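Engineer: Pasting in a structure now, in structure tokens, and then I'll have a few things to ask.
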Amino acid sequence: MTGRLTVVGLGPGDQRYLTAEAAAVLADAHALYGYGAYLDRVPARAGQRRHPSDNREEAARAAEALHDAAQGASVAVVSGGDPGVFAMAAAICEQIASGPDSWRTLEIVFVPGITAMLAVAARIGAPLGHDFCTLSLSDNLKPWPVIERRLDAAAQAGFAIALYNPVSRARPWQFAAAVERLRRHLPATTPVIFGRAVGRPDERLTVTTIEAAANEAADMATLVIVGTRETRVIARPGRSPLVYTPRAIPPAVVEVSA
Ligand code: SAH
């Protein structure tokens with residue numbers, strides 16, 4: 001028996017966002033590894049082992065899954081959204097880079113999923129319709145000054161910005177500090193979208209401005225999209241607003257940074 005490890009993206013929550021490829025891999029695996037809340041989304045199958053672990057145990061989980069695959073099992077490691085976006089795909093690669101040689105000969109497959117920023121954007125229009133970038137606001141894995149520098153650079157360069165991991169219990173002040181940083185560069189009316197638990201029953205979407213964004217509640221299930229100078233909101237009677245970033249920037253517009 002030859003082992004195989006597949007890193008699978010589950011999408012943002014609802015089953016309809018699970019790709020056909022992801023569903024097939026999950027059904028075929030001998031063993032599933034992942035954060036418990038993500039594993040709970042995968043339908044139970046007789047004979048399939050499950051190895052739930054805590055959200056903060058990525059490295060240990062990756063090593064256990066690789067060890068299991070090296071023994072000959074077909075192993076699936078799950079992530080919410082896409083596994084390559086602030087998730088398990090890089091954790092698996094890190095373990096292979098520093099692990100035993102036998103892990104380098106394993107078949108490793110990455111199955112993409114719909115990442116949170118695309119699910120949120122699709123709910124509201126096209127806020128990522130032009131150039132954009134994404135940052136995780138978590139300073140567990142990088143120093144806060146690096147985050148500040150990247151926020152400055154992204155806003156100055158005119159990117160729309162998707163912010164993952166805006167807040168957690170252990171990181172209460174970082175989101176307000178990030179908004180304060182962005183306000184230095186962006187007009188007060190710049191649209192900001194809060195997408196919470198998108199694709200789940202408790203989904204909530206809010207549109208506000210960068211001026212008011214720090215007062216808006218964000219949590220671990222929230223993805224925040226900060227627009228650009230060009231991002232517009234279309235009010236619609238009886239319907240939720242559309243937020244979009246136009247496809248083009250006129251040649252005459254010179255970007256001014258604060
Ligand atoms: N790999 C995941 C991201 C993991 S980081 C992906 O591609 O989506 C975890 C962060 O993702 C959360 O703090 C939140 O910012 C965002 N997120 C994940 N699922 C979400 C959902 N259903 N709705 C809104 N944001 C979500």
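Engineer: Average the reciprocal distances over every distinct pair of alpha-carbons in the stretch 144-258, invert the result, and give the Kirkwood radius in Å.
Structural biologist: 15.0 Å
Engineer: Something else about it: Tally Lys/Arg at +1 and Asp/Glu at -1 over every other residue whose Cβ is under 15 Å from the Cβ of residue 48; what's the total?
Structural biologist: Summing Lys and Arg as +1 and Asp and Glu as -1 gives +2.
Engineer: Do you know the relative contact order of the chain, to the nearest whole percent, from alpha carbon pairs under 8 angstrom that are 6+ apart?
Structural biologist: So the answer I get is 19 percent.
Engineer: Something else: Can you tell me the mean projection area, over all orientations, of the convex hull of the chain's alpha carbons? Units nm², please.
Structural biologist: 15.7 nm²
Engineer: Here's another thing I want to ask about it. Determine how large the accessible area of residue 173 is when every protein chain is in place; take a 1.4 Å probe and give Å² rounded to the nearest 10.
Structural biologist: 130 Å²
Engineer: Roughly how many Å² of residue 38 are accessible to a 1.4 Å probe, to the nearest 10?
Structural biologist: Counting only protein heavy atoms, the figure is 70 Å².
Engineer: Between 138, 168, 98, where does the largest GNM mean-square fluctuation fall for the chain, given springs only between Cα atoms within less than 10 Å?
Structural biologist: 98
Engineer: In whole percent, what relative contact order does the stretch 112-175 give with Cα contacts below 8 Å and a gap of six or more residues?
Structural biologist: That works out to 37 percent.
Engineer: Calculate the FRET efficiency for residue 206 and residue 59 from the Cβ-Cβ distance with a Förster distance of 25 Å, rounded to the nearest 0.05.
Structural biologist: So, using R0 = 25 Å, E works out to roughly 0.10.
Engineer: Can you check what the net charge comes to around residue 118, using other residues whose Cβ is under 15 Å from the Cβ of residue 118 (Lys, Arg +1; Asp, Glu -1)?
Structural biologist: With Lys, Arg at +1 and Asp, Glu at -1, the neighbours total -1.
Engineer: Separate question: Using 0.36 nm times the number of residues separating residue 27 and residue 90, minus their current alpha carbon distance, what extension gain do you get?
Structural biologist: 20.4 nm
Engineer: On to the next question. Compute the Cα gyration tensor for the stretch 1-137, then decide on rounded, prolate or oblate, letting a ≥ b ≥ c be the square roots of its eigenvalues: rounded whenever a/c is under 1.5, prolate when a/b is larger than b/c in the other cases, and oblate in all that remain.
Structural biologist: Cα axes put the stretch 1-137 in the prolate bin.
Engineer: To the nearest 10 degrees, how steeply does helix 58-70 sit against the main Cα axis of the chain, on a 0 to 90 scale?
Structural biologist: Long axis of 58-70 versus the principal axis of the chain: about 40 degrees.
Engineer: What number comes out for the charge environment of residue 62, summing +1 per Lys or Arg and -1 per Asp or Glu over other residues with Cβ under 14 Å away?
Structural biologist: My count for the surroundings of residue 62 gives -4.
The values are calculated or read from the model by the stated rules, or taken from the named source; none is laboratory data. Keep in mind it's a predicted model, so treat the numbers as computed, not measured. All Cβ positions, glycine included, derive from the backbone under ideal geometry; neighbour counts span all protein chains shown. Heavy atoms of the whole protein, side chains included, go into the accessibility calculation; ligands, DNA and RNA do not. Shrake-Rupley method; radii C 1.70, N 1.55, O 1.52, S 1.80 Å.
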